[in-house]
Amino acid sequence: MAALYSPHLLSLAVELANYPFDKDKPAIGHARSRTCGSTISLSGGSPERIDDLGMRVAACAVGQAAAAVFAQSAQGRDAADIGHTLDELRGWIAGSGPAPDWPGIAALEPALPHAGRHEAILLPWRAALDALCNERAGG
């Protein structure tokens, strides 16, 4: 079994600096883990698809790595694509399906045996769906 906090997983958190959260964007979403309290807020320039992504992440290293993996390949994806990947992620972490077809997702594989980290993996996709499905009134 691979170490949970590998240098690669830990290094992904640094990439989050490339995605500053902007509270004034028209698409804002939030997600919180019930198991560990981690949170992600996501901002975007479009309520139709991920565009001009920004994130504020208060999460463990697994949650930060998941946010970075999400951010690296989220540009241009719509709610249907994000929802499909979220469903695949749920199956993958439950051991009932293959890894989703999302670039870089293998970096999160060491967290699979750690049920307490599963919700942290889902957070960025959940926050993205919230942002894409809940455009703020007055933009």
Given 30-37, 114-121, the highest-first ranking by average Cβ count within 10 Å works out to 114-121, 30-37
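Apply the a/c threshold of 1.5 to the C-alpha gyration tensor of the chain and tell me whether it is rounded, prolate or oblate.
Numbers: a/c = 1.85, a/b = 1.54, b/c = 1.20.
It is prolate, given that a/c is not under 1.5 and a/b is the larger ratio.
Would you work out if the stretch 48-129 is rounded, prolate or oblate? Take a ≥ b ≥ c from the square roots of the eigenvalues of the alpha-carbon gyration tensor; rounded if a/c is under 1.5, else prolate when a/b is larger than b/c, oblate otherwise.
Cα axes put the stretch 48-129 in the oblate bin.
Might you tell me the accessible area per residue for the chain, computed with a 1.4 Å probe and given in Å²?
On the way: 6490 Å² over 139 residues.
Per residue, the chain has an accessible area of 47 Å².
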Sorted on mean Cβ neighbours within 10 Å (highest first), peptides 5-14, 100-109 come out as 100-109, 5-14
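Can you order the peptides 43-56, 63-76, 83-96 by their average number of other Cβ atoms within 10 Å per residue, highest first? The partial results should precede the final answer.
On the way: 43-56: 19.3, 63-76: 22.5, 83-96: 15.9.
Peptide ranking by packing, descending: 63-76, 43-56, 83-96.
For the chain, give the percent of accessible area contributed by carbon and sulfur heavy atoms, probe 1.4 Å, rounded to a whole number.
On the way: 3360 of 6490 Å².
Heavy-atom surface of the chain belonging to carbon and sulfur, 1.4 Å probe: 52 percent.
The values are calculated or read from the model by the stated rules, or taken from the named source; none is laboratory data. Values in this document were obtained by computation on a predicted structure and should not be read as measured data. All Cβ positions, even for glycine, are placed from backbone atoms using ideal geometry, and neighbour counts span all protein chains on display. Remember, those area values only see protein heavy atoms, side chains included, never the ligands or the DNA or RNA. Shrake-Rupley method; radii C 1.70, N 1.55, O 1.52, S 1.80 Å.
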